[in-house]
Amino acid sequence: MFKRLGVAVVGIGLFAAAAVPAFAQGTLRIGMTAADIPLTTGQPDQGFEGYRFAGYTIYDALVNWDLSKADAIADIKPGLATEWSAVEGEPTKWIFKLRQGVKFHDGTDFDADVVVWNLEKILNDKSPQFDPKQAAQARGRVPTLVGWKAVDKYTVELTTRVVNALFPYDMSYIFYSSPTNWEKQGKDWVKVALQPVGTGPFKVDRVVPRERLELSRFDGYWDKTRVPKLDKVLLFPMPEAATRTAALLAGQVDWIEVPAPDAIPRLKQGGMAIVTNKYPHNWAYQPSMVEGSPWTDIRVRKAANLAIDRAGLAKLLGGLMIEAKGAVYPGHPWFGSPSFDIKYDPEAAKKLLAEAGYGPNKKPKIKIAISTSGSGQMLPLPMNEYVQENLNAVGFDTSFEVMEWNALVTFGFQPVTGEASTKAGTNGINISRATVDPYSAFMRLYHSDYVPPKGANWGILKDPKLDELINKAHTSFDRAAQTKALADVHTYIVDQSYWVYIAHDLNPRAMSPKVTGFVQAQSWFQDLTPIVMK
């Protein structure tokens, strides 16, 4: 299965690599893992790789990310808003003060009316500008946002359904596209996708679906410290690792995401730099918790966690991973103090399965939805094949439903009880998850109120105690209390073994020695503006 898929994708990728033109100095050419250009209208698809290359490049959020440091976990900072705060005595209301003097790439002004227009675009299906595609990407990021209005030209009031002390993090995922450009393109989002307009440090020159996205420096960018040093950035979909490696070695691109581990010695010999850093990433299996699923038994979940040889998996990946002990890695502020130690103990795994009533003639059947490549997915085919061997060795009957990355993301927009999963017969999903903020790490994945499409609790986990722990973190406005509450959440989910925790990526990318000035942030997102091509 894996070999057939690999050959098909390599064939497509080599054609794309061969078509990459050579450009003058000041142009950075990047080979992405995505199989297509991310949605460019304002709310990217293709996971956080889409946000990385077609989100924070072309657009800004009210709240941006500080991606300037390599030695600390990235945190939020002012973006199109200069400040924000909850209204005293009314904690469900937030006031955002907007940055003045910001221009879109088409020369029009950014103001409070633009904010309202863009929120209507994704959250009000009765508005003329409503876009179902953007709504599908964005609504799960701001599930508590229920009201928005302009107070004056540079002030907006946003209202949440419940007290949400971590709401500013949610607003870091909502981007603002030009209403004037939408009008100019005949109020047609399909046309806007080919000629999008944002406020970000790069503007779009050309979009060729499934082939390339061409960006250039926006000299009028509002943050003068982040006006790009590059003239252009060219982005190419290359879902097959071998294709990306060949393109980099041939000088057809300057930078590739997720190089194949077995190609790293060859890349280093060819003078390429391998850049890594830990970041808030969780590669795991999210199981079905509905009646009839084998995963509802904690002994089965613990057995799966104990069945996996993570050290062997790290060796397969050339050391480019951290062995998972939970959703976040040990030493992270939210790790807490779990009593269940996730490690490789196949004998203990076999014993747990036997206690749960399983044996050679009755194996727990698990079928996981997985992708062929994608944002944060690392190298999903060989990794899943390795995990499959580990699980089957202790008594599981493991199979996969394999699909392209964006198809898997769409698959996850329905819960396990939805038509897609029911038809495929899956009871688990392997989508790498970002633990970049408390909502992304816990609320949207584990809280019973956040079953898709509202959130990403795909397996329909329902645990009132866990809900209470998560709610505590989201209702405290004290940072130390938030951190303690989140550590309690993580301790609990590990002790309950609610997911099968496998790996944390080290975010590897390979690049030509011509690429200078890049700082690899501890984030899914990266800042391309300081880069200089030598």
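Things worth noting here:
- Phi-derived couplings, Karplus 6.51 cos²θ - 1.76 cosθ + 1.60 at θ = phi - 60°, listed residue by residue for segment 259-266: x, 5, x, 6, 9, 4, x, 5 Hz, with x used for Gly and Pro.
- Largest accessible area first, the listed residues Phe477, Phe413, Phe202 line up as Phe477, Phe413, Phe202 when surface is computed with a 1.4 Å probe on the assembled protein chains.
- Helix-only [θ]222 nm of the chain, DSSP H runs n ≥ 4, -39500 (n - 2.57) each, per residue, nearest 500: -8500 deg cm²/dmol
- Estimated vicinal HN-Hα couplings, Hz - segment 38-45 in sequence order (Karplus 6.51, -1.76, 1.60; Gly, Pro = x): x, 4, 9, 6, x, 10, x, 9
- Paramagnetic label reach from Phe130 (point 7 Å along Cα→Cβ; backbone nitrogen cut-off under 18 Å): within segment 42-73, residues 43.
- Alpha-carbon Debye profile of segment 68-182, log10 I(q)/I(0) at 0.10, 0.15, 0.22 Å⁻¹: -0.31, -0.69, -1.38
- Taking amide H as placed 1.01 Å from N in the peptide plane, Ile429 has its amide H under 5 Å from the amide H of Gln286, Ala369, each at least 5 places away in sequence or on another chain.
- Against the rule of thumb 2.2 N^0.38 Å, how large the Cα Rg of segment 222-306 comes out: 1.74
- Direction-averaged projected area, Cα convex hull, the chain: 23.4 nm², rounded to one decimal.
- Residues in segment 209-216 carry Karplus couplings, in order, of x, 6, 10, 6, 10, 10, 10, 9 Hz; the curve used is 6.51 cos²θ - 1.76 cosθ + 1.60 with θ = phi - 60°, and Gly or Pro positions show x.
- Pairs exceeding 24 Å between alpha-carbon atoms, taken from Lys191/Lys514; Lys133/Lys365; Lys191/Lys534; Lys93/Lys133; Lys302/Lys367: Lys191/Lys514; Lys133/Lys365; Lys191/Lys534; Lys93/Lys133.
- Residue-normalised accessible area of the chain, expressed per residue, 1.4 Å probe, Å²: 37 Å²
- A Stokes-Einstein calculation at 37 °C with viscosity 0.692 mPa s, built on the Kirkwood radius of segment 105-170 over Cα pairs, returns a diffusion coefficient of 256 µm²/s.
- Computed on the chain, with alpha-carbon pairs under 8 angstrom and 6+ residues apart, the relative contact order is 22 percent.
- Ordering 246-254, 231-239 by mean Cβ neighbour count within 10 Å, with the highest value first, yields 231-239, 246-254.
- Gained length - Thr180 relative to Asn392, 0.36 nm times residue gap less alpha-carbon distance: 70.6 nm
- For peptides 265-272, 365-372, 191-198, sequence by mean Cβ density within 10 Å, most packed first: 365-372, 191-198, 265-272
- Rolling a 1.4 Å probe over the protein chains gives Trp148 an accessible area of about 50 Å².
- Extents of segment 215-358, largest first, come to 63, 39, 31 Å (Cα atoms, principal axes, whole angstrom).
- Of the solvent-accessible surface of the chain, computed with a 1.4 Å probe and all protein chains present, 53% belongs to carbon and sulfur.
The values are calculated or read from the model by the stated rules, or taken from the named source; none is laboratory data. Source: prediction; values computed, not measured. Quick reminder, even Gly has a Cβ in these numbers, built from the backbone with ideal geometry, and neighbours come from all protein chains shown. Keep in mind that these areas ignore ligands, DNA and RNA; they rest on the heavy atoms of the full protein, side chains included. Shrake-Rupley method; radii C 1.70, N 1.55, O 1.52, S 1.80 Å.
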